[in-house]
1. For region A:43-119, give me every one of the helices (runs of 4 or more DSSP H) that falls completely inside it and has 2 or more residues that are more than 14 Å from every other protein chain (Cβ to nearest Cβ), open to solvent by 80 Å² or more (accessible area, probe 1.4 Å) and not acidic (Asp, Glu).
2. Mind checking which residues of region B:275-301 are within 14 Å of chain A (Cβ to nearest Cβ) and touching a residue at least 40 places away in the same chain (Cβ under 8 Å)?
3. Out of region B:73-86, which residues are in contact (Cβ under 8 Å) with a residue 60 or more places away in the chain and surrounded by fewer than 19 Cβ atoms within 10 Å (Cβ to Cβ)?
4. Taking region A:53-84 on its own, how many of its residues are of a type outside the set (Asp, Glu) and within 14 Å of A:Glu6 (Cβ to Cβ)?
5. If we keep just the residues of region B:87-112 that are touching a Lys or Arg at 6+ places or on another chain (Cβ under 7 Å) and in a loop (DSSP other than H, G, I, E, B), which is surrounded by the most Cβ atoms within 10 Å (Cβ to Cβ)?
6. Does region B:162-182 hold any residues that are out of contact with any His (no Cβ under 7 Å at 6 or more places or on another chain), within 15 Å of B:Arg91 (Cα to Cα) and in a strand (DSSP E or B), and which are they?
7. Restricting to region A:1-42, what's the tally of residues that are open to solvent by less than 20 Å² (accessible area, probe 1.4 Å), away from chain B (no Cβ under 14 Å) and outside any loop (DSSP other than H, G, I, E, B)?
8. Please identify the pairs in which a residue from region B:87-106 that is under 14 Å from B:Ala122 (Cα atoms) has its Cβ atom under 7 Å from the Cβ atom of a residue that is polar (S, T, N, Q) and in a strand (DSSP E or B), counting only partners at least 6 apart or on another chain.
Amino acid sequence: MKFTEEHEWLRIEDDVVVVGITEHASTQLGDVVFVELPEAGSTVSKDDEICVIESVKAASDILAPLDGEIVEVNEALEDNPSLVNDDPLGEAWFFKMKVEDLSSMDDMMDEAAYKDFIG
Amino acid sequence: MADLKRTGLYDLHVELGAKMVPFAGYEMPVQYPLGVMKEHLHCRAQAGLFDVSHMGQVILRAKSGDLNDAVLALEALVPVALVELKENHQRYAFFTNDQGGILDDLMVAKREDHLCLVVNAACKDEDIAHLRANLSDTCDIDVIEDRALLALQGPAAEKVMARFVPLTQGMRFMEVSTFESPFGELWISRSGYTGEDGFEISVPNKTVVDFAHSLMSEEEVEFIGLGARDSLRLEAGLCLYGHDIDTTTSPIEADLLWAIQKARRPGGARQGGFPGEDRIFGDLAEGIARKRIGLRPEGRAPMREGTVLYASVDADTPIGTVTSGGFGPTVEGPVAMGYVSIAHANTGNTIYGEVRGKRLPATVTAMPFRPSTYKR
């Protein structure tokens, strides 16, 4: 599993990249009450704001971690946003994307580096 | 956090793992480890304990010794009838300015020989200066510095409070009373700002830590932070000063006419005689251009403070703005309040809030969003 400085995790599953937010991020956000997901089939560029997460406190964005195409989104989050707090690394994945060049993930943090990053 | 004040419970909040934030010049707990959502739901289901010691407590006594002189003096600053207020009761009030706007909202309790005011933390210095500037000739103004203020709110508040002060069980909404207790003299009112039954308790600083420990040791009680305090009062349709009401909003625009009793309205026994009378009576006689309303956004996206409101998906001109908005854990959806032009203020109207560039529908809704459970 890889991590970004935006507190996303990425996992390769059957040649697509599954993306969610870290437990640290979900704790910082507080209780999530609303999630807006991108359209499946849309093409995104790295750092595009493609999801919105609203907690009881504030709204924040999820940026596309890589260039690619969104192939599937987790609609369960729209009906049950609290999944993001309950199981951020598992059930609460946000989207799956097809990425041309998976080697671009090599530079991302591994778990140990991310733990250092969040202190 | 330099220069920020702390309440007597600061160390306890930190010990409990609260996240402390600057609020109105104080370091206050915004949430505890339970989190905003669970704290909110706990308060509605059991009992929530709030540290509201940052609020100002002020005692007014007439120099003449006659309580009625203090009552009449304060009536000159608020459009609220205090003469008719019964002893050992309190009433919601607001200081108005000469333009008919609101300087602060407050509670006024009438006790045996004095009035006791509770004012907002963010306004208390200005409020005290305002009282001194206007009432010093007739009243002694005593700012209470040696007392803390707690609120115990929720359906279990009555039985929890009765374990400490049995006689509180007989109190009704907006009644106030003084009780001797092992924690010293307690000034208790049956009131709060959550839409729940409950109490606000003024307790000496020197015993507040013991008292808070005792209350939180009761199984029904959890400490609740400012985050859930905000969502609770929003669901209850209650105004937050500086957001939903301020120096530019008249009480009529703010839909607070209910708090201006007949005696102070045109034709009343003591009509007018408060700052901004012309504007406020003008608003009453001629109608208002905008009004505070409740909003239930469709879907789940919250419409937060500052969200611009429109009459339709493609209208060019805004009709108003959201002044408080978020997610209501008890109503299980987003709730908001704001001001809209009067033509769009009817309950049931659909209007649109622009959220991240999209116009999302919302229904103008009567408040409270969730029925209040005051013990009347």
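The values are calculated or read from the model by the stated rules, or taken from the named source; none is laboratory data. Treat the numbers as computed from the prediction; the structure is a model and nothing was measured. Cβ coordinates were reconstructed from backbone atoms using ideal geometry, including for glycine residues, and neighbour counts include every protein chain displayed. To get the accessible areas, we keep the full protein, side chains included, count just its heavy atoms, and leave off ligands, DNA and RNA. Shrake-Rupley method; radii C 1.70, N 1.55, O 1.52, S 1.80 Å.
1. Numbers: elements: A:76-79, A:83-86, A:111-118.
Per the criteria, A:111-118.
2. First, the residues of region B:275-301 that are within 14 Å of chain A (Cβ to nearest Cβ): B:297-301.
Once the filter is applied, which keeps residues that are within 14 Å of chain A (Cβ to nearest Cβ) and touching a residue at least 40 places away in the same chain (Cβ under 8 Å), region B:275-301 yields B:Pro297, B:Glu298, B:Gly299, B:Ala301.
3. Here is the first cut: in region B:73-86, the residues in contact (Cβ under 8 Å) with a residue 60 or more places away in the chain are B:73-81, B:83-84.
B:Ala76, B:Val83, B:Glu84, listed by residue number.
4. Our first condition is that a residue be of a type outside the set (Asp, Glu); within region A:53-84, this holds for A:53, A:55-60, A:62-66, A:68, A:70-71, A:73-74, A:76-77, A:80-84.
Among the residues that remain, those that are also within 14 Å of A:Glu6 (Cβ to Cβ) are: A:53, A:60, A:62-66.
Number of matching residues: 7.
5. B:Gly100
6. B:Ser177
7. Result for region A:1-42: 10.
8. B:Ile102/B:Thr96; B:Leu103/B:Thr96
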